[in-house]
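*Asks:* What follows is a structure written as structure tokens; I'll ask about it next.
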Amino acid sequence: MDAPEALREFLSYVVANLIDHPQQATIAIGTNVNGAVTYRVQLAPEDVRHVIGKNGMTISSIRSLLNTAAEKHGIKISLKVGSSREEDAEVAAAAE
């Protein structure tokens, strides 16, 4: 298993244990213009607050763990969390 996929599995495990609707969660992997591996987590709208946490402390901790693991593999990462409704709004805005 390569490093980006191993980090995705770790992220999936952490997120699934924080939310109420793990069956609705998806994690997409891509690469941004800087060459960093991008993880985009899409959740049910009511689950986003669980992953972000109070004052963003939970997502900050998840990012810290992912960045530390990524550094060991010599890669850079980016993590974005949103709801499926936000994704639908982005697609609709892009279509206009």
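The values are calculated or read from the model by the stated rules, or taken from the named source; none is laboratory data. Worth saying up front: this structure is predicted, and the values here are computed from it rather than measured. We place every Cβ from the backbone using ideal geometry, glycine too, and count neighbours over all the protein chains shown.
*Asks:* Return the residue satisfying two criteria in turn: it lies in region 15-64 and is hydrophobic (A, V, I, L, M, F, W, C) and free of Cβ contacts under 8 Å to residues at least 12 places away in the same chain, and of such residues it is farthest from S83 (Cα to Cα).
*Replies:* So, considering only residues that are hydrophobic (A, V, I, L, M, F, W, C) and free of Cβ contacts under 8 Å to residues at least 12 places away in the same chain, the one farthest from S83 (Cα to Cα) is V33.
*Asks:* Six or more apart or on different chains, Cβ under 8 Å: which pairs go from a residue in region 1-14 that's outside any helix (DSSP H, G or I) to one that's at pLDDT 95 or above? Could you list them?
*Replies:* Pairs that qualify, where the first residue is outside any helix (DSSP H, G or I) and the partner is at pLDDT 95 or above, are M1/E9.
*Asks:* How many residues does region 29-49 hold that are in a helix (DSSP H, G or I) and either touching a Pro at 6+ places or on another chain (Cβ under 7 Å) or buried (at least 16 other Cβ atoms within 10 Å of the Cβ) (or both)?
*Replies:* Counting residues in region 29-49 that are in a helix (DSSP H, G or I) and either touching a Pro at 6+ places or on another chain (Cβ under 7 Å) or buried (at least 16 other Cβ atoms within 10 Å of the Cβ) (or both) gives 2.
*Asks:* Suppose we filter L7, L18, L43 for residues that are touching a helix residue (DSSP H, G or I) at 6+ places or on another chain (Cβ under 8 Å) and within 12 Å of S78 (Cα to Cα); which single one remains?
*Replies:* The match here is L7.
*Asks:* T68 versus (1) outside any strand (DSSP E or B); (2) at pLDDT 95 or above; (3) surrounded by 12 or more Cβ atoms within 10 Å (Cβ to Cβ): which is the lone unmet condition?
*Replies:* Of everything listed in (1) outside any strand (DSSP E or B); (2) at pLDDT 95 or above; (3) surrounded by 12 or more Cβ atoms within 10 Å (Cβ to Cβ), T68 misses just condition (3).
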